[in-house]
Structures are given as C-alpha cells and as structure tokens.
Amino acid sequence: MTGRESDGGSRSGPEPGVTRDSGPARDPSTGAERVDLVVEGGLVVTMDAARRVLADATVAVRDGMVVAVGPSADLAGQFVATARLDARRRVVVPGLVNAHLHVSTEPITRGVVPDDTSFEENVFGWLSPLAAALGEEDERLSAQLGAAECLRSGTTCFLDAGTGWHLDAVVDGLGEAGIRAQVGRRTWDRPATPEKFRQTTSQAVANLTDALDRHGAGAATDGRVRATAILVGHTTCTDDLWRAARSLADEHRVGLSFHMSPAPGDARQFLAETGERPVVHLDRLGVLGDDVVLVHGVHLDDEEVRLLGERGCSVAHCPTTALKVAYGVSQVGRMPELVAAGANLCIGTDGANAANAADLYRAAYLVAGLWKDARRDPSVFPAAEVFAMATRGGARALGLDHEIGSIEVGKRADLVLHDRDRPEWTPLHDVANQLVYSADGRSVHTVLVDGRIVVDAGRLVTVDEERLYAAAEVAARRVLGRLGRRPVGRWPERGAP
Ligand SMILES: [Zn+2]
C-alpha cells in the first residue's frame, strides 16, 4: 500500500461481485457482449481498492480495455469473444510498473563496470563515457533488450532515466517491442564532460521541449510510449534548468523525474553552493509536486522527508543498486518514514551496470526484506504493501493510476499470467507472500499490453529474440571498441566470453 492509499491488506479466496462497463456491442442472437478476448479461469489478483483476489475468474477485454472482471460462474455466457485465453493454471496480476530504468544506455553494456568501483568512478569513469559511445542503432537495440527483459519478467510499463541521444530510435524500438513507457532525453547543463553531452541551459531546455513536442502525450505508438520531463538531476542542473523543466512539465501536463541523493555527495554540494539541502532547495525553486519522481532519495534529513511527503512526491526506491553500489540504504535510508510522511514509494531497477537486472520482482523482494531487517521489525512493508508499490505505486508515480496498476473495469488490459505449475508456486496458500517472497519473473508465462499478447510461453512475440541477442552482442563489442575498453574480468579466461 502506498502513502496515499487508505485501504489495506491482501485477501485470499474468492469474493462475490462482478464489475463491468456499459454500452457494449451485442450478439443479435444471444444478446451476449462482443469482446476481443476473455482470459478465463485464472486466480486473478485485481489490486483494486479492496484488493480482491478472485479464484476461477474471467477478465473480458475490448479495444485494449478491461470491460469486465469477476467470477467465471457469474460471467458465463455473457460474452462472445474473438479469442479466449485459458488461465486455469495461472495467477493473473496487473503488469508491474518499474519507476526507474536506464533502458537505452545500459542494457547493451550490462555488467561491464567492475562491482568494486566507487560511486564517482562508476558514474564518471564508466557510465558517462559508455553512454557517450552509443550510436543510434546501439540505443535502439539497447531499448529493445531492456524491453524484452522487462516484459518477460512481468513489467509492462517503465519510466526511463533518459535516452542519451537518439530518442526517435528508442521510441521506435520500444513501440515495436510493445511495452508501455515514459521516456525522454538525458538532460543536464552543468558537467563539461563528456564533450558529446555538453549542453548550455538554453540547449538543454530546447532538447526537453523538442522531446515533449514530438513525443508528448498521445503522439507516438498509440500513446504507449510517451515523452516526459527527465533531468539527470544530482548536481548537474542549474537553478534555471530546474525551473524551466518544472514549467515545461506543467505546460505539457507530464511528470518530472530526476536522480537525487543516492550518496552524501549531492547534499554536500547543494549545501556548499546554496546553503540548503537538495530537496529543500528544489522546493524553494517550486520544483516539487505530486508529479515528481525523485529517484533514490537515500540520504535525506527529516525536513526533506517531510517536504517530499507534504508535496505528494513519488520516490523511486532502487534497492538492487543501493546494495551493489553501497549507498548505505539499510543504515541511513528513510523509506518507511517517507511512506509515513505521505510520499508515494515506488520501485525501480535502475541501470544494468548499477543493478544489472531489471526483474522488478527481485527488487520488490529486497524492499520487503531490507526494511524489516533495518528496523528489526517484521511488520515493516508487508508483502501486500510491497506488491502495491510495484503496481499501483508505480502507476501513480507515472500519473497513470487511472489507466494501469490494477485489473479493473475501465483500465488498460495490461496483464501478467504466472505459471502455477512450478515449485515456487506449489503449494499456493497466500498469493501476496508467494508473489513477493517466492516467485520472480521466471514464472511469467503470458503478458498482455493493451489486451495484446506480447509474451507467450515466456518468449517475446513482438521481436525476434534470437536476432535481437545476436545483434546486441555485436553492438556491445562495437561500443566498447570505440572506447578502447575491455571488461575487467576477475577470473582468468581463455578466449572471448
Ligand atoms: Zn538511475
């Protein structure tokens, strides 16, 4: 459960009650509604306000939308469907929403950064030069690789951290993959290196404006891939750029996302330059609001926690990165306090060189476990609450809570079907516990976005996976070759990996 939600707890077992829309086309002979698809017989975890879990349930889909969800017995004979999907041995959940992912700059260089580098060396010694070395086809391939990993592990929507250079190619690649996404340009106006990314404030504002003009709401791929306002954040933006990004987000009615305070350095520099901690300073600039997604938010003081809650901000918690890059999250992080203050805590997987995996189930497992241990209190972040962060919380962070995040009439049919015929799903007693502590993306069998099957039997159907992986291997070597670098392996190897 996220900060703004007041209802609680998962429920097990079926509950009566069917909800549906009105005004459908009907079959003239039977009077049954015409729909495109019915998903029949599944254990449906709705994640609706009451957290209904329906055994042997049916989800009916028309024009990409859920038009009915309820017990199959109650809906029998009510639909004439173009297609039927047997979900009798499936657990059906809403598609997960990843609140922070570097989709176009990192999947293609996954794992090349040594895992014993400092934060500064990680970002400035490796990630920035790698991002600068990407060409148009590299970014498109990287985006599709990231989309494939997300979709196959049950994530149907994500918020990107910003494309390096070739946003059009990334939008095109993601559109072909069939995932839902909010994307943008990697924007800053302070760092002078790498040379390729040097931007004046006016250039940065122009880039943001251009991305929003061309790929803003409803502009691309039926609206599934849309541009939003994204800044690199940290200490890379002038006050003028922060203010301009805020204005553009308002003007284009989109959100505003940026990194802040994963490590103590951001606060140290803000204090030295402005006399204020980062969140306090951004609030004074008028940046904060309920459309803001602040990424990381590990090193915050009491005032910053209070402000993020009061302004209704979302905080994208990336536990896999925090652990691997040694942010000290379990020692100094304030995630339970952020939720108590009213912030919307959602979950991200960050970059493929910081967290190295985009399976949001793995990150959700860490959220559920880390804070119990950090507070020595098993009541912190129950599984049901964490799964809500990964679904409803992410949807709210992206301003899409009216469209996705739960399986309800009137929302998009973004559905994930887990295969129950696996050891981690057997026996099945408490589905919330099973989703967060036992299962991960490996049991994802079928995925639908807008009612369209994009993963079937665990394989992507929108993109040829073998061709994608082969092309990504070649492109990855090409990118490293441009930098004159090789992976720094710790073990003696014979031949290329
Ligand atoms: Zn990031």
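Exactly one residue among Ala99, Ala49, Ala76 is out of contact with any strand residue (DSSP E or B) (no Cβ under 7 Å at 6 or more places or on another chain) and under 25 Å from Leu159 (Cα atoms), and that residue is Ala49. Could we say that Ala211 is more than 19 Å from the chain's Cα centre (by Cα), crowded, with 22+ Cβ neighbours inside 10 Å and part of a helix (DSSP H, G or I) here? Judged against the criteria, Ala211 is a match.
Restricting attention to the range 81-108, which residues are away from the ligand (no atom under 14 Å from the Cβ) and either at pLDDT below 90 or in contact with a Gly (Cβ under 8 Å, 6 or more places away or on another chain) (or both)? Residues satisfying the conditions are Asp86, Ala87, Arg88, Arg90, Val91, Val92, Val93, Pro94, Gly95, Leu96, Val97, Ile108. Looking only at the range 352-392, how many residues end up being among the acidic types (Asp, Glu), more than 16 Å from Leu323 (Cα to Cα) and buried (at least 21 other Cβ atoms within 10 Å of the Cβ)? Qualifying residue count for the region: 1. Name the residues in the range 444-462 that are of a type in the set (Lys, Arg) and either crowded, with 23+ Cβ neighbours inside 10 Å or out of contact with any helix residue (DSSP H, G or I) (no Cβ under 8 Å at 6 or more places or on another chain) (or both), would you? Answer for the range 444-462, where residues must be of a type in the set (Lys, Arg) and either crowded, with 23+ Cβ neighbours inside 10 Å or out of contact with any helix residue (DSSP H, G or I) (no Cβ under 8 Å at 6 or more places or on another chain) (or both): just Arg452. Considering the conditions (1) without any contact (Cβ under 8 Å) to a residue 24 or more places away in the chain; (2) surrounded by 15 or more Cβ atoms within 10 Å (Cβ to Cβ); (3) assigned to a loop (DSSP other than H, G, I, E, B), Gly31 is excluded by exactly one of them, (2).
Here is a yes/no grid of residues against (1) over 13 Å from the mean Cα position of the chain (by Cα); (2) over 22 Å from Asp266 (Cα atoms):
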residue	(1), (2)
Pro129	yes, no
Ala143	yes, yes
Val171	yes, yes
Gly178	yes, yes
Ala181	no, yes
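Of all the criteria given as (1) free of Cβ contacts under 8 Å to residues at least 24 places away in the same chain; (2) under 29 Å from Ala49 (Cα atoms); (3) surrounded by fewer than 16 Cβ atoms within 10 Å (Cβ to Cβ), the one not satisfied by His429 is (1). The helices (runs of 4 or more DSSP H) found entirely in the range 345-401 include none that carry 3 or more residues being within 16 Å of the ligand (Cβ to nearest atom), at pLDDT 95 or above and among the polar types (S, T, N, Q).
The values are calculated or read from the model by the stated rules, or taken from the named source; none is laboratory data. All values reported here derive from a predicted model rather than from experimental measurement. Positions of Cβ are generated from backbone atoms using ideal geometry, with glycine treated the same way; all protein chains shown enter the neighbour counts.
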